[in-house]
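Trainee: For reference, the structure I am asking about is given below.
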């Protein structure tokens, strides 16, 4: 297979966030090279058709099947990439292997380093990845050098927000069999990387396996992410000269199944998922008793890109959802703020708050906060790489109450602080509707959960309520008086 970046003539790429929507029938009768690439992460512009010739690319946004056929036909007839009135045309270096910069909404946000392959290279084409300087010689010294400053991304990463090299060195020094686990469960950015840039993830995982002398790599994803699972399996089949056995395993579509120790339980085939007590760490006793390194696709992709570029990109991949017209996954420098991330989407109303850090993130009415882990931690927000936007017609009390009730119903039940704490916290939030607001009790209970739960689920489950009380206490006081400032809890208040 030839890399599309070196193909003579125009190259037409079709990027679609919905894998079940097949537009290939619109491109059957053409002399141009047509490539189905992965999603860009910006669903608002997709289906996206880009037409590249030499050092220019034309962008056609939100294309129907008829529009795709029109673009293809016009390129064939005129040999002009802009013949069908594109939304924009950008200049770039010839044979570009990374998604080009553009000022189009959403696509103009941040940078395209770790996400560079998304929407540009064919996900299962080793030729496209090799043309982007992929599949480099495995060099443990280079891996450890990058790992000295690279920090784990996401709560599904056992080294969440911590540098990786020392952990890798410790596992390398252990005798016997070891395994590297790619925990791709439960995060939209991780799913995007598996579906649109699987070779970035695989190359990073294989490099770590080689560095620590592990013979096996396990890619673990939710059973619901069927397209991502199919894509990464095809990429594994096409990966040249694999130095480790790579298996793809799916787990239940449950939030807790992404927690590293419960991910290991799922991979082992256990039907009841319970968090494991630490110590011993998974780095010591992991999959089937073997030392296991558990990192997310974001972590491995950052490593792969860092190995090619000789340094770690200080960027964060963040997904924006909530009260927006379309979700978006973007990559921004750690020096950027949440405001820059939210700029990637159209909000459906007046901004009220951002719920930052995944299912058990923190609430903030301020977007002037850096996206780096230190800035987010200082603001008591999560570093999962997820921002959920709330508009002014949304009730914060109701929202965090739902998240807390979810924690009470979905925790594994292994430890008392989480099992009982989430239930009691949900009760305290429900009491607000009955006129009893106890901020000290909420804060104390959340602190106990954060300091004594055995896994990240319980540690983080109190954060929504804790931060909401701090940021929007007036709403809690209003609810205790039978009033909902947002007007969305009237039925609850009247019962």
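Trainee: Any residue that is closer than 26 Å to residue 297 by Cβ, in a loop (DSSP other than H, G, I, E, B) and not assigned by TED's automatic domain parsing to the domain that holds residue 479 - is there at least one of those in region 362-371? Step through it out loud before you land on a result.
Mentor: Step one: list which residues in region 362-371 are closer than 26 Å to residue 297 by Cβ, which gives 362, 369-371.
If we keep only those that are in a loop (DSSP other than H, G, I, E, B) as well, we get 369, 371.
Then drop every residue that is not not assigned by TED's automatic domain parsing to the domain that holds residue 479, which leaves 369, 371.
Yes: region 362-371 contains one or more residues that are closer than 26 Å to residue 297 by Cβ, in a loop (DSSP other than H, G, I, E, B) and not assigned by TED's automatic domain parsing to the domain that holds residue 479.
Trainee: Answer yes or no: is there a residue in region 324-343 that is in a helix (DSSP H, G or I), surrounded by fewer than 24 Cβ atoms within 10 Å (Cβ to Cβ), at pLDDT 95 or above and in contact with a strand residue (DSSP E or B) (Cβ under 7 Å, 6 or more places away or on another chain).
Mentor: Checking region 324-343: at least one residue is in a helix (DSSP H, G or I), surrounded by fewer than 24 Cβ atoms within 10 Å (Cβ to Cβ), at pLDDT 95 or above and in contact with a strand residue (DSSP E or B) (Cβ under 7 Å, 6 or more places away or on another chain).
Trainee: Something else about it: Being surrounded by fewer than 22 Cβ atoms within 10 Å (Cβ to Cβ), modelled with pLDDT of 95 or more and outside the structural domain of residue 238 (by TED's automatic domain parsing): is that true of residue 163 here?
Mentor: For residue 163, the condition - surrounded by fewer than 22 Cβ atoms within 10 Å (Cβ to Cβ), modelled with pLDDT of 95 or more and outside the structural domain of residue 238 (by TED's automatic domain parsing) - is not met.
Trainee: OK, next. Out of region 478-492, which residues are in a helix (DSSP H, G or I), modelled with pLDDT under 95 and either within 14 Å of residue 401 (Cα to Cα) or touching a strand residue (DSSP E or B) at 6+ places or on another chain (Cβ under 8 Å) (or both)?
Mentor: Passing the criteria: only 492.
Trainee: If you don't mind, another one. I want to confirm something. Restricting to region 119-153 and keeping residues that are in a helix (DSSP H, G or I) and without any contact (Cβ under 8 Å) to a residue 24 or more places away in the chain, which single residue is surrounded by the most Cβ atoms within 10 Å (Cβ to Cβ)?
Mentor: So in region 119-153, the residues in a helix (DSSP H, G or I) come out as 126-131, 140-147.
Subsequent filtering for residues that are without any contact (Cβ under 8 Å) to a residue 24 or more places away in the chain retains 141, 145.
Working: 141: 8, 145: 17.
Per the criteria, the residue is 145.
Trainee: A follow-up question, please. Inside region 1-118, counting only strands (runs of 3 or more DSSP E) that do not spill past its ends, which hold 1 or more residues that are within 22 Å of the chain's Cα centre (by Cα) and either surrounded by fewer than 17 Cβ atoms within 10 Å (Cβ to Cβ) or modelled with pLDDT of 90 or more (or both)?
Mentor: 11-15, 33-37, 48-53
Every residue, every condition in (1) touching a residue at least 12 places away in the same chain (Cβ under 8 Å); (2) more than 14 Å from residue 472 (Cβ to Cβ); (3) crowded, with 20+ Cβ neighbours inside 10 Å, yes or no:
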{"site": "398", "(1), (2), (3)": "yes, no, no"}
{"site": "402", "(1), (2), (3)": "no, yes, no"}
{"site": "413", "(1), (2), (3)": "yes, yes, no"}
{"site": "430", "(1), (2), (3)": "yes, yes, no"}
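Trainee: For region 435-477, what are the residues that are over 30 Å from residue 263 (Cβ atoms) and either within 27 Å of the chain's Cα centre (by Cα) or not in a helix (DSSP H, G or I) (or both)?
Mentor: Passing the criteria: 435, 436, 437, 438, 471, 472.
Trainee: With the checklist (1) over 15 Å from the mean Cα position of the chain (by Cα); (2) surrounded by fewer than 24 Cβ atoms within 10 Å (Cβ to Cβ); (3) assigned to a loop (DSSP other than H, G, I, E, B) in hand, flag the one item residue 359 doesn't pass.
Mentor: Evaluating residue 359 over (1) over 15 Å from the mean Cα position of the chain (by Cα); (2) surrounded by fewer than 24 Cβ atoms within 10 Å (Cβ to Cβ); (3) assigned to a loop (DSSP other than H, G, I, E, B) leaves (1) as the failure.
The values are calculated or read from the model by the stated rules, or taken from the named source; none is laboratory data. What you are looking at is a predicted structure, and each value in this text was computed from that prediction instead of being measured. We place every Cβ from the backbone using ideal geometry, glycine too, and count neighbours over all the protein chains shown.
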